[in-house]
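A short write-up of the structure that comes next.
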Amino acid sequence: MMKLYWKKAAALMLALSMVAAMAACGSNDASSSSSSSQSSQSSSAVESTSESSTGESSSQESSSEGESAPAGETSELAQKYADAITAARDDEMNEVMPIQTTLDAEKDAYLIELLGFGPDDVEAAAISVSMINVKAYGVAVVKPAEGHEDVVKAGLEGFVEYQKKSFEQYLADQYEVAKAARVETLEDGTMILVMCEDQDTVYDGIVSALNG
């Protein structure tokens, strides 16, 4: 009887030991799973933060690059030239003769042909010319691109010759304006064309504004 009792007690203790072992194992698995999950979440958070930082950095770089003037927009130097022309002319001429500060190979094909140089030939330019043959008029301040000085100078002088020939036979007063036109090169390489009435005053006004 006592022997049977100890057998049952031993079996019960063995069973309890197995249950305890299984419970401990389950706890370790859960702890391991939880740690793994937390590690995975932490890793994901780090990656997400890294990607976010990279994205913000790229965005900031793109924004910084976007601050540069896109092609087709007026550069700071071209605006300075335009302001100089505006300062040298009266209100009436500023109103009726607009100033162009960009050259587009397609949109400005006629003007480019008229002047003899295009966007690749200039670093910056401000141009105001008459596009119809009723008035000899042209005022321009141009900084040639490096190596294109001869092209720009020949273009400005060619424009003057074209205007002289256009008015020589039928509008004597406009012919005289074209004949008195000035094409000058400043010390820094900037070229100035002035073909208008009272050209010397306008020229001096442009130079003064550029140096001011």
Checklist entry - Can you pull out the residues in the range 104-134 that are buried (at least 20 other Cβ atoms within 10 Å of the Cβ) and over 18 Å from Thr86 (Cα atoms)? => result Leu115, Phe117, Asp121, Val122
Next on the checklist: For the range 177-191, check the following and say yes or no: at least one residue is open to solvent by less than 20 Å² (accessible area, probe 1.4 Å), out of contact with any strand residue (DSSP E or B) (no Cβ under 8 Å at 6 or more places or on another chain) and at pLDDT 95 or above.
Outcome noted: no
Next on the checklist: Could you go through the range 161-173 and let me know if any residue there is buried (at least 21 other Cβ atoms within 10 Å of the Cβ) and within 23 Å of Thr74 (Cβ to Cβ).
Outcome noted: no
Item to check | helices (runs of 4 or more DSSP H) wholly inside the range 101-190 containing at least 2 residues that are within 26 Å of the chain's Cα centre (by Cα) | outcome: 109-115, 149-167
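The values are calculated or read from the model by the stated rules, or taken from the named source; none is laboratory data. Since the structure is predicted, the reported quantities are computational estimates derived from the model, not experimental observations. Ideal geometry is used to build each Cβ from the backbone, glycine not excepted, and the neighbour counts take in all protein chains shown. To get the accessible areas, we keep the full protein, side chains included, count just its heavy atoms, and leave off ligands, DNA and RNA. Shrake-Rupley method; radii C 1.70, N 1.55, O 1.52, S 1.80 Å.
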